[in-house]
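Novice: The structure is given below, and queries will be raised subsequently.
The values are calculated or read from the model by the stated rules, or taken from the named source; none is laboratory data. Given the structure is predicted, the values throughout are model-derived calculations rather than measurements. No Cβ is skipped: glycine too gets one built from the backbone with ideal geometry, and neighbour counts run over all protein chains shown. What goes into the accessible areas is simple: the full protein's heavy atoms, side chains included, and nothing from ligands, DNA or RNA. Shrake-Rupley method; radii C 1.70, N 1.55, O 1.52, S 1.80 Å.
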Amino acid sequence: RRSGATDSARYCYSVWMRHLVMAYGSGLPTQPGVVAELGPGASLGVGLAALLSGADRYVALDAIPYASDQRNLDVLDGLVELFARRERIPDQAEFPNVEPLLDSYEFPSHILTGPRMAEALDEARVASIRGSLSGVGAGGHRDSPVAYAAPWYDSSVIEHSSVDMVFSQAVLEHVNDLSGAYEAMRQWLKPSGVMSHVIDFKCHDTAGEWNGHWAYSNLVWRLIVGNRPYLLNRQPHSAHVELLDSFDFRIIRDEKTRSDSGIARERLAPRFRHLSDDDLTTSGAFIQAVCAKA
């Protein structure tokens with residue numbers, strides 16, 4: 001699939017600010033020290049936005065190394081300008097498919113205060129971030145603001161209990177080993193660490209109906225996937241909720257995007273006959289959860 005829209009500074013700014021504003025609305029910490037992102041895509045821009053709003057370190061993990069040094073630098077420059085201008089958050093008119101939706105798209109000055117932004121945009125600090133993007137590699141030096149692991153294979157790529165916040169934007173629906181991903185996030189997060197995920201359950205143009213991918217048998221689906229390293233894991237909303245519970249996460253917010261089911265229940269493939277009406281009409285979700293481990 002395409003590596004996403006993260007080659008646009010405005011897109012990256014919009015995505016990060018939505019996660020940040022929603023964290024504030026849920027009473028969660030809004031200045032995480034270490035943030036990790038699953039599936040950054042074409043650039044590391046969303047994580048760079050996190051750094052420019054005050055985070056100390058950003059770790060990016062992807063299945064394929066899409067991001068390039070020059071693209072990262074270009075997006076960083078654009079992000080610095082957006083934050084310096086206290087730019088309004090780009091809304092649905094500009095990015096109609098980006099979620100979560102916000103009540104207000106004004107610059108969140110109640111979160112990103114003047115003193116906080118002055119410190120975050122300090123010239124020496126921005127120069128340090130820019131320097132860390134030159135040939136950024138897997139793992140990265142422990143003191144570097146940015147680390148990029150692509151591909152990543154196991155949870156050892158990040159020190160356990162070292163991350164304050166892990167987030168993703170329309171990525172978890174593509175992860176083949178979903179249980180392994182949730183287990184890794186649990187290991188990375190500090191006690192009471194936060195996760196924030198937008199998940200898209202739609203078919204991604206593999207069927208005529210938004211949930212038509214649940215009508216395919218396993219054999220047909222394997223033919224559709226072909227030799228791609230990943231496409232969709234076809235897991236419904238309830239599967240994520242069950243995994244969160246099994247790995248001791250406490251759900252803080254679970255906002256579902258509802259769509260009428262495009263297929264009749266009798267058309268479901270055998271492995272999806274158990275799907276509830278709730279799953280069949282949940283085309284997306286924004287989930288925030290807190291790690292409950294001791």
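Novice: So what is the relative contact order of segment 155-294, in percent, for Cα pairs below 8 Å that sit 6 or more residues apart?
Specialist: Working: 235 pairs, mean separation 45.7, N = 140.
The normalised contact order for segment 155-294 reaches 33 percent.
Novice: Share of segment 12-107's accessible area from carbon and sulfur, percent, 1.4 Å? Please report the intermediate quantities before stating the final value.
Specialist: Working: 1630 of 3350 Å².
Result for segment 12-107: 49 percent of the exposed heavy-atom area is carbon or sulfur.
Novice: Another question about this same structure. Identify which of ASN176, ASN233, ASN218 has the largest mean-square fluctuation in a Gaussian network model of the chain, with springs joining Cα atoms closer than 10 Å.
Specialist: ASN218
Novice: Let me know the whole percent of all Cα-Cα pairs from segment 220-259 that are separated by more than 15 Å. Kindly include the intermediate steps, with their values, before the conclusion.
Specialist: Numbers: 458 of 780 pairs.
So the portion of pairs separated by more than 15 Å is 59 percent.
Novice: In segment 67-186, with Lys and Arg counted as +1 and Asp and Glu as -1 at Cβ, which of these residues, TYR105, VAL175, ALA93, has the Cα nearest the positive end of the dipole, that is, farthest along it?
Specialist: Result: TYR105.
Novice: Per residue of segment 271-288, in order, report the coupling 6.51 cos²θ - 1.76 cosθ + 1.60 (Karplus, θ = phi - 60°) as ³J(HN,Hα) in whole Hz, putting x for Gly and Pro.
Specialist: Karplus-based 3J(HN,Hα) across segment 271-288 equals 5, 10, 5, 7, 4, 6, 4, 4, 5, 5, 10, 9, 8, x, 7, 10, 10, 10 Hz.
Novice: Which value, in debye to the nearest 20, describes the size of the charge dipole of segment 1-88 about its Cα centre when Lys and Arg Cβ atoms bear +1, Asp and Glu Cβ atoms bear -1, and nothing else is charged?
Specialist: 320 debye
Novice: Express the accessible area of the chain per residue in Å², computed with a 1.4 Å probe while the remaining protein chains stay in the model. Could the numbers behind the result be given before it?
Specialist: On the way: 12800 Å² over 294 residues.
That works out to 44 Å² for each residue.
Novice: Follow-up question, since we're still on this one. Counting helices only, and only those DSSP H runs with n ≥ 4, report the 222 nm mean residue ellipticity of the chain as the sum of -39,500 (n - 2.57) divided by its residues, in deg cm²/dmol to the nearest 500. Before the final figure, lay out each step's value.
Specialist: Working: 9 runs with 91 residues, N = 294.
That comes out to -9000 deg cm²/dmol.
Novice: Which is farthest toward the positive dipole end of the chain among LEU61, SER261, LEU189, measuring Cα position about the Cα centre, with Cβ charges +1 (Lys, Arg) and -1 (Asp, Glu)?
Specialist: Of the options given, the answer is SER261.
Novice: Could you go through segment 251-260 in sequence order and give the Karplus-derived ³J(HN,Hα) for each residue, using 6.51 cos²θ - 1.76 cosθ + 1.60 with θ = phi - 60°, rounded to whole Hz, and x for Gly and Pro?
Specialist: Coupling constants for segment 251-260: 6, 9, 9, 9, 9, 9, 9, 9, 9, 4 Hz.
Novice: I've got another one for you. Subtract the Cα-Cα distance of VAL220 and GLU123 from 0.36 nm times their separation in residues, and report this length gain in nm to one decimal. Spell out each step's value before the answer.
Specialist: Working: separation 97, 0.36 × 97 = 34.92 nm, distance 5.42 nm.
Going from the current span to full extension adds 29.5 nm.
Novice: Any idea which of THR6, GLN31, LEU82 is furthest toward the positive side of the dipole for the chain, if Lys and Arg beta-carbons carry +1 and Asp and Glu beta-carbons -1?
Specialist: THR6
Novice: To the nearest 20 debye, what is the magnitude of the charge dipole of the chain about its Cα centre, counting +1 on the Cβ of each Lys and Arg and -1 on the Cβ of each Asp and Glu?
Specialist: 360 debye
Novice: Relative to the Cα centre, what is the charge dipole magnitude of segment 198-282, using +1 at the beta carbon of each Lys and Arg, -1 at the beta carbon of each Asp and Glu, and rounding to the nearest 20 debye? Present the calculation step by step, with values, prior to reporting the outcome.
Specialist: Working: 12 positive and 13 negative charges, 69 e Å.
For segment 198-282, the charge dipole is close to 320 debye.
Novice: Would you mind counting up the charge near ALA149? Only other residues with Cβ under 13 Å from its Cβ, with Lys and Arg at +1 and Asp and Glu at -1. Could you put the intermediate results ahead of the total?
Specialist: Details: positive: none; negative: GLU37, ASP62, ASP154, GLU159.
Charge balance near ALA149 sits at -4.
Novice: Next up: May I ask you to evaluate 6.51 cos²θ - 1.76 cosθ + 1.60, the Karplus curve with θ = phi - 60°, for each residue of segment 235-243 and list the ³J(HN,Hα) values in order in whole Hz, giving x for glycine and proline?
Specialist: Rounded to whole hertz, the list is 7, x, 4, 4, 5, 5, 4, 5, 5.
Novice: How do 259-268, 73-82 rank on mean C-beta neighbours within 10 Å, highest first? Kindly include the intermediate steps, with their values, before the conclusion.
Specialist: Details: 259-268: 14.0, 73-82: 18.8.
Top of the packing list down: 73-82, 259-268.
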